[in-house]
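Student: Sharing a structure with you now.
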């Protein structure tokens, strides 16, 4: 039976996937495929641990966000300005992120794969809800990043649907030629979409290091950047749908940590998130409708 503790664990597992999926939505809505999100999470987690170790948890989160945004800027320059293939650029950034963080870890912490333990932000209790028996595990000792993440879901929905920025971002991802004709700066919007995706992925990595684990551990992202892309596709490139898909993936990860059926091998639960990813990419993607111009480069005059 799935109880409150299991759901609380599922939500904690959901946060890095959901944050990264929200970032992916911004990038792909602008027309840029960003499979470098895994690398942006990696650098976010390492530099968040560095910042938290030296300056405190809030600084750590900011360091992680900036690190993810910096790597995203490289991806934006490669794909938008230099028109490098989006997949090639993303793969290269993932490799660079892995190598540079190991080098930095050796140089800064004198350890190849871990950092010292760091302090987390003070947990909070949600008033009233923390006293209800069934909901108390979900509303007690909650990381502020959890609340921020769910707020960002609805903020993202509002920005994409109701603001000039969001409408222009979506227009660039659907038909950059038409948007350019109407005076929209296609390159600026695509840069913005990719950088926002990096900021979100950096925060996701920072959450893992500062709030979830309390330290940087090499490989701690465990493919969550790719799972986030699957959640985005499952959610049909929308924040509400991505939230539902991320919760599903988060629940599958929580099941892997808490074996709820004794006669089912632990390894079965451990592989659930990755099996779900394959199912989503292999089946749901055929019925989903991505932005029309996603994955294509644009040059004025084409």
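Student: In whole angstrom, how long is each semi-axis of the equivalent ellipsoid of the range 53-95, when you take the square root of 5 times every eigenvalue of its Cα gyration tensor and sort them from largest down? Could the numbers behind the result be given before it?
Tutor: Details: eigenvalues 155, 20, 6 Å².
Values for the range 53-95, descending: 28, 10, 5 Å.
Student: If each residue of separation counts as 0.36 nm, what is the full-extension length gain between residue 165 and residue 111 once their alpha-carbon separation is subtracted?
Tutor: On the way: separation 54, 0.36 × 54 = 19.44 nm, distance 4.33 nm.
Here the segment from residue 165 to residue 111 would lengthen by 15.1 nm.
Student: Does the range 1-142 come out rounded, prolate or oblate, given a ≥ b ≥ c as the square roots of the eigenvalues of its C-alpha gyration tensor, rounded meaning a/c under 1.5 and, failing that, prolate meaning a/b above b/c?
Tutor: Oblate, since a/c reaches 1.5 and b/c is not below a/b.
Student: So if R0 is 51 Å, what FRET efficiency would residue 91 and residue 123 give, r being the distance between their Cβ atoms, rounded to the nearest 0.05? Mind showing how you got there, number by number?
Tutor: Numbers: r = 37 Å, r/R0 = 0.73.
Calculated transfer efficiency: 0.85.
Student: Rounded to the nearest 10 degrees, what's the angle between the helix 239-257 long axis and the longest principal axis of the chain, both from Cα atoms, 0 to 90?
Tutor: 40
Student: Can you bin the chain into rounded, prolate or oblate? Criterion: square roots of the alpha carbon gyration tensor eigenvalues sorted a ≥ b ≥ c, rounded for a/c under 1.5, prolate for a/b above b/c, oblate for the rest.
Tutor: Working: a/c = 1.66, a/b = 1.36, b/c = 1.23.
Prolate, because a/c is 1.5 or more and a/b exceeds b/c.
Student: Any chance you could give the angle, 0 to 90 degrees and rounded to 10, that helix 4-29 forms with the longest Cα principal axis of the chain?
Tutor: Helix 4-29 sits roughly 10 degrees off the main axis of the chain.
Student: Angle between the Cα long axis of helix 37-55 and the longest principal axis of the chain, 0 to 90 degrees, nearest 10?
Tutor: Value to nearest ten degrees: 60.
Student: OK, next. Return the calculated 222 nm mean residue ellipticity for the chain, to the nearest 500 deg cm²/dmol, obtained by summing -39500 (n - 2.57) across DSSP H runs with n ≥ 4 and dividing by the residue count. Write out the running numbers ahead of the final one.
Tutor: Working: 12 runs with 197 residues, N = 302.
Mean residue ellipticity at 222 nm (helix-derived): -21500 deg cm²/dmol.
Student: Under a plain spin-label model, where a point goes 7 Å from the Cα along Cα-to-Cβ, how far apart in nm are residue 104 and residue 81?
Tutor: Label at residue 104, label at residue 81, 2.0 nm between them.
Student: Still on this model: Run the numbers for residue 236 and residue 300: contour at 0.36 nm per residue of separation, minus the present Cα-Cα distance, in nm. Walk me through the intermediate numbers first.
Tutor: Details: separation 64, 0.36 × 64 = 23.04 nm, distance 2.90 nm.
So the extension gain works out to 20.1 nm.
Student: Right, another one. Hey, fewest Cβ within 10 Å first, where do 46, 187 land in order?
Tutor: On the way: 46 29, 187 17.
Listed from fewest to most nearby Cβ atoms, that is 187, 46.
Student: Another one. Give the shape of the range 149-249 as rounded, prolate or oblate, defined through the alpha-carbon gyration tensor: a ≥ b ≥ c are the square roots of its eigenvalues, a/c under 1.5 means rounded, and otherwise the shape is prolate if a/b is larger than b/c and oblate if not. Show your work: numbers first, answer last.
Tutor: Numbers: a/c = 2.36, a/b = 1.92, b/c = 1.23.
Prolate, since a/c reaches 1.5 and a/b exceeds b/c.
Bear in mind that the values in this text are calculations on the coordinates, not laboratory data. Only a predicted model underlies this, so the values are computations on that prediction, with no experimental measurement involved. Cβ atoms come from the backbone with ideal geometry, glycine included; neighbour counts cover every protein chain shown.
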